[in-house]
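The values are calculated or read from the model by the stated rules, or taken from the named source; none is laboratory data. Here the structure is a predicted model, which means the values were calculated and not measured. Reconstructed Cβ throughout: ideal geometry from the backbone, glycine too, with neighbour counts over all protein chains shown.
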């Protein structure tokens, strides 16, 4: 009997093994192939490892590639000179979409690069998606294709000018329409802002560009898009923000974000917000952001990447403690909880505020079974079973070994969902 190192399935018959080192067993060629980007660094490779695998390893972990030649081959050196760290984040998000969501194999990406057709194939892949599902990373890429294709010199000027215009349009909300600063000056000034003010400026750019926030983006939590319950309400909130920034100053907006009084700012200007109870909670709850909202952010990302084993998604430390992940011993148990919470948040009756309150009373089990009775046995077995093991486990399972927290006494809330996270992977 063997266990597949990719999906933990039991292999009764002769397993598939790595064709090079023969050291790992898999249940299928699909699992073996999908494990290559991780295993290749430990395997007895015959030659140098292609930079596409360094790119894949970094993107799966939601990290900016640091391998020098990888940065050169895939545009990170050029983009950081043109757009700073923000450009690196956007380019990494683009590649993550290709590798983790669209399941493009690293060797295919390498082939496109060697052929000099990387931009062409990236556009072809995203063209297969509905326009509304292509995301902000691809929208950014359309304005910056020259980063990956030096032959786009004439187009580069046009695209860069368009990007600079959007930057300057947002900057006009900061300093007033009469002051005209260069894009370079604007980027330098914005880099001196506090992290929250930088996020506010990015919101202005996104609103003016009509780009939408997704669960993997920092602003999805910070500006309350996590509280929307449908695509329609998300569009309404986007429209509400667009109207709001036209009625208040940038300084007022940033101040309201810092003071957690954004809902009051909407009220002051007579602008309605969708899913008002949820939006007001996440944007003005005195304790910060409830861990149930961080759980929803993690679940939404995991649901989108669940088709790809090995994808790594950050989850806020408060959600790890509050919703059972702290008790997980291995990736199989992580997946069990993932499946449970994906099903829970798909239920229209779930109330993230009530879920958090149940957590504070130590009755998460009762709440979940009440909302989703079909999973009663599943919930009782897995959550209660995991809880009984808590005393014997040093920390939660992560792709990097057991997680050992450096502090105790978590309140269950956090100031912003992007902070204090660690990755869970399959």
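Is it true that residue 9 is at pLDDT below 70 and farther than 30 Å from residue 127 by Cα? So that I can check it myself, show each step before the final result.
Values: at pLDDT below 70: no; farther than 30 Å from residue 127 by Cα: yes.
No, not satisfied.
Can you name the helices (runs of 4 or more DSSP H) wholly within the range 312-422 that have at least 2 residues being at pLDDT 85 or above and closer than 30 Å to residue 92 by Cα? Please lay out each step first, then the result.
Values: elements: 317-322, 331-346, 352-360, 364-371, 376-379, 385-388.
Filter on the range 312-422 gives 317-322, 331-346.
Got a sec? Which of 126, 76 is in contact (Cβ under 8 Å) with a residue 12 or more places away in the chain, within 30 Å of residue 185 (Cβ to Cβ) and surrounded by 20 or more Cβ atoms within 10 Å (Cβ to Cβ)?
Details: 126 fails: within 30 Å of residue 185 (Cβ to Cβ).
Result: 76 is the single residue among 126, 76 that is in contact (Cβ under 8 Å) with a residue 12 or more places away in the chain, within 30 Å of residue 185 (Cβ to Cβ) and surrounded by 20 or more Cβ atoms within 10 Å (Cβ to Cβ).
Could you grab the pairs with beta carbons closer than 6 Å, sequence gap of 6+ or different chains, first residue in the range 129-149 and without any contact (Cβ under 8 Å) to a residue 24 or more places away in the chain, second one part of a helix (DSSP H, G or I)?
Qualifying pairs under 6 Å: 134/126; 143/159; 143/162; 143/163; 146/156.
If residue 119 satisfies all but one of (1) closer than 22 Å to residue 60 by Cβ; (2) at pLDDT 85 or above, what's the number of the condition it fails?
Of (1) closer than 22 Å to residue 60 by Cβ; (2) at pLDDT 85 or above, only one is false for residue 119: (1).
Would you confirm whether or not the range 247-258 contains a residue that is touching a helix residue (DSSP H, G or I) at 6+ places or on another chain (Cβ under 9 Å), at pLDDT 90 or above and closer than 26 Å to residue 142 by Cβ?
Scanning the range 247-258, I find no residue that is touching a helix residue (DSSP H, G or I) at 6+ places or on another chain (Cβ under 9 Å), at pLDDT 90 or above and closer than 26 Å to residue 142 by Cβ, so the answer is no.
Taking the options 163, 110, 100, 169, name whichever one is surrounded by fewer than 17 Cβ atoms within 10 Å (Cβ to Cβ) and on the phi < 0 side of the Ramachandran plot. Before the answer, list the steps.
Values: 163 fails: surrounded by fewer than 17 Cβ atoms within 10 Å (Cβ to Cβ); 110 fails: surrounded by fewer than 17 Cβ atoms within 10 Å (Cβ to Cβ); 100 fails: surrounded by fewer than 17 Cβ atoms within 10 Å (Cβ to Cβ).
Among 163, 110, 100, 169, only 169 is surrounded by fewer than 17 Cβ atoms within 10 Å (Cβ to Cβ) and on the phi < 0 side of the Ramachandran plot.
Test of understanding: among 242, 280, 268, which residue is touching a residue at least 24 places away in the same chain (Cβ under 8 Å), surrounded by fewer than 19 Cβ atoms within 10 Å (Cβ to Cβ), in the same structural domain as residue 194 (by TED's automatic domain parsing) and farther than 16 Å from residue 296 by Cα? If you could, list the steps in order and put the result at the bottom.
Details: 280 fails: touching a residue at least 24 places away in the same chain (Cβ under 8 Å); 268 fails: touching a residue at least 24 places away in the same chain (Cβ under 8 Å).
Testing whether each residue is touching a residue at least 24 places away in the same chain (Cβ under 8 Å), surrounded by fewer than 19 Cβ atoms within 10 Å (Cβ to Cβ), in the same structural domain as residue 194 (by TED's automatic domain parsing) and farther than 16 Å from residue 296 by Cα leaves just 242.
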